[in-house]
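Peer 1: Here you go, one structure.
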Amino acid sequence: MRDLLNLIRWMLLGRFRSKASLEAEILALRHQLNVLRRTSPRRPVFSNFDRMIFVCLYRIAPRILDAITIVEPETVIRWHRAGFRSFWRWKSRRRAGRPSVPPEIRRLIREMSLANPLWGAPRIHGELLKLGIDVGQTSVAKYMARRRRPPSQGWRTFLLNHADGIASIDLFVVPTISFKLLYGLLILRHDRRRIVWVGVTTLPTSEWIARQVREACGWEPVPAYLVRDRDRVYGQAFARRIRATGIRAGRQRRDRRGRTAMLND
């Protein structure tokens, strides 16, 4: 504390001194440092307060690294980074959360869920409140007995089982040398990942896309499913004509878990 008060006192007194006096004092201090460094080859020992002073001065004026002689400039930068990590470690420390559920209440929740398979977390939570047990609904859902359900078919399994009956359709844009836009239509079969149709137009409409799909399936078996994106060019006319050919058209979307699903038109 005394060192800090001395620093503050000299900083205030320096505001009332002339520039020549300050420069002379700086030169005298630099020469003293040179003498001490020459006569005392031992490595100096720094306290946490000394490190904090150097870090604060470096934070205010990074050019002070040129004036530091008793310690390497890289050491001051390392102290600054260590202080930054310590501050954010303290900032993100674990704070007190919700109280833990006693083991007897956990066993009671599990027994109630096993004895009443049709009860969900809201019903069990309400029954516990009637008994005077104050516990959150999320905690009830956490400690309920987990029942093994039959595995459901995922999107990957669906693709593997029905790849021979799935086709994808997509539009892409090609700019020409005359600054015009050409719209290309690509139809891909998923069984062997082969392109079955490519169409090009300057004005894509839902009727034109439906006609391209019908022509692509003229010599091929009609796919059971047609996957597309959310482009607005696929209008009601496209949906009606595709439905008339016996194809189930749908658009892809992703759920909250990142899995891909298909929505029917």
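A short reminder: the numbers here are calculations on the coordinates, not readings from a lab. Given the structure is predicted, the values throughout are model-derived calculations rather than measurements. All Cβ positions, even for glycine, are placed from backbone atoms using ideal geometry, and neighbour counts span all protein chains on display.
Peer 1: Between ALA24 and MET52, what length in nm is gained on full extension when 0.36 nm per residue of separation is reduced by their alpha carbon distance?
Peer 2: 7.4 nm
Peer 1: Between ILE177 and ARG156, what is the spin-label point distance in nm, taking each point 7 Å from the Cα along the Cα→C-beta axis?
Peer 2: With each label point 7 Å from Cα toward Cβ, the separation is 4.7 nm.
Peer 1: Check the straight Cα-Cα distances from LYS142 and name the lysines below 22 Å, setting aside those fewer than 8 residues away within the same chain.
Peer 2: LYS130
Peer 1: Can you figure out the FRET efficiency of ARG243 with ALA115, using R₀ = 45 Å and their beta-carbon distance, to the nearest 0.05?
Peer 2: Calculated value: 0.35.
Peer 1: Also, I was wondering about something else. When all alpha-carbon pairs of the range 103-143 are counted, what percent fall beyond 12 Å?
Peer 2: 51 percent
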